[in-house]
Each structure stands twice: as C-alpha cells, then as structure tokens.
C-alpha cells in the first residue's frame, strides 16, 4: 500500500509525541483535533469543554483520551487513514467524504455559524445573503465550504489568523466561522472593530468521529454521552465553561 508522504511524516511526529504507555494505565484513544479550535473547547492541557466531556466519557469506558493537533483537513485524513483513532468533533455527514469514519451518534456540543465583518449584513435569507459577496473561509470547515454560495467570491485560507487578516487587508468583506471560536480569537488577539452578526447562519450539533475499527466503541461512547446529559454531569461542565466564556467575551459585539 502506498501511503502519502505527508501521512508518514505526520505518523512519525505523532509517534514522537505520544506519552509513554503504562501497563497499569487505561489504553489510549488518540483523536485528531483541527488546529482552529479555541482553547475554551480544546487545548494542549486537555482542559477545554470538549476535552473534559470526552475525557470523562472515555474514562467511564476504560480508555484514556489523548489528542493531537493537525490542520483542519489533515485531521480528517489522518483519522480516515487510521493513523489516529478518530477526529474530536465535526459536523454531521463527514462519513460521506471519509468512508472509514463512523459518527458517534450523540453530539458533544452545538455551535453557531455566524458572519464576522467590518460592516453589517442582513442574514434574513440565510446562506443566500452571501450571494455575490466577498467571503473568507477556512479550508477544512466543511459545513461552511458546502454552503457558501458558488456566486460568492471565495478566499480560502489555512489558519484562523489568516482568516481574520482577510478583513484587515480588505481581501474579503465577510468571514464565515464558528461564533464561539471566532469571538475567542478576536478577544485573545486584541482585534477590534469586527462585527459579529446578530443572526446566525445556523446552529449545528458537532459529533466525535471514530475510525471504523472502533465501531463498537462508537455506540458505547454515544450511550455514555446520553447518560452524562441525563445525570447532569454534562450540564455541570457546560456551566463551568460558560463562566469561562463570559470572562473571555469580546467587548466589540
């Protein structure tokens, strides 16, 4: 089997960064994470909201969560190739493009997709409001890539920094991105004068995806997430992180 060179490079890097296995420790589940996610959702210390939810869920199932950061598109490809065990959280239907991935059928979080801009925009027509507009989007944010109208002048970039730089350099009038993540980036970067649309384009559930070799685990993980939502432990984590988000809320809405 011919494995693309960048898979081999990524695999070597991954192997070098893996924590040592302890015979007494729970087995590792390694999930790729897109490098666009705010520290409030995921960070290297695995103290973000999704980190904590999945850490608790996997621990209940006898596994230890380990994460690896990749560019958004690369994370999906690594998971699909089985070079990591899955992808931490994505919108629905990723399995259509990445057939080796199985969606854990219980959402880990819901997020709003909004428009960031230097001038107001009326989103009464939803995605159609972007027809003919100059729009920036991040490569690998599948829901955005699929829904920005073809008639829009699209500028695609590889990082969140590049995405919001499009507004500063006037290479795009509008940027489409996840509300929570975009707001956190603006705040942490000290960027001012950027408007966040009052209306959202949509609010979507995000799911963990596992490689098909973990098909049985996918169902168990879904059941565990449902239990966490019923017993209140999910809500406790959500409230904890809502307080953190309020502390980081941007002044420029």
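The values are calculated or read from the model by the stated rules, or taken from the named source; none is laboratory data. Since the structure is predicted, the reported quantities are computational estimates derived from the model, not experimental observations. Glycine also receives a Cβ, built like all others from the backbone with ideal geometry; neighbour counts cover every protein chain displayed.
Summary table below
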quantity	calculated
Criterion: in contact with a helix residue (DSSP H, G or I) (Cβ under 6 Å, 6 or more places away or on another chain), buried (at least 18 other Cβ atoms within 10 Å of the Cβ) and outside the structural domain of residue 61 (by TED's automatic domain parsing) - qualifying residue of 157, 144	157
Lone qualifier among 114, 160, 135 - being more than 17 Å from the chain's Cα centre (by Cα) and either under 29 Å from residue 210 (Cβ atoms) or touching a residue at least 40 places away in the same chain (Cβ under 8 Å) (or both)	135
The range 20-44 - residue that is at pLDDT below 50 and within 17 Å of residue 62 (Cβ to Cβ) and, of those, farthest from the chain's Cα centre (by Cα)	23
Search result, residues across the range 205-226 that are surrounded by fewer than 18 Cβ atoms within 10 Å (Cβ to Cβ) and at pLDDT below 95	205
Subset tally (residues that are farther than 15 Å from residue 98 by Cβ and either in contact with a strand residue (DSSP E or B) (Cβ under 7 Å, 6 or more places away or on another chain) or in the same structural domain as residue 122 (by TED's automatic domain parsing) (or both)) for the range 201-220	7
Check on residue 89, part of a strand (DSSP E or B) and not assigned by TED's automatic domain parsing to the domain that holds residue 237	no
Those residues of the range 56-86 which are part of a strand (DSSP E or B) and over 24 Å from residue 238 (Cα atoms), in sequence order	70
Sole residue being modelled with pLDDT under 95 and surrounded by fewer than 16 Cβ atoms within 10 Å (Cβ to Cβ), chosen from 105, 71, 99, 120	120
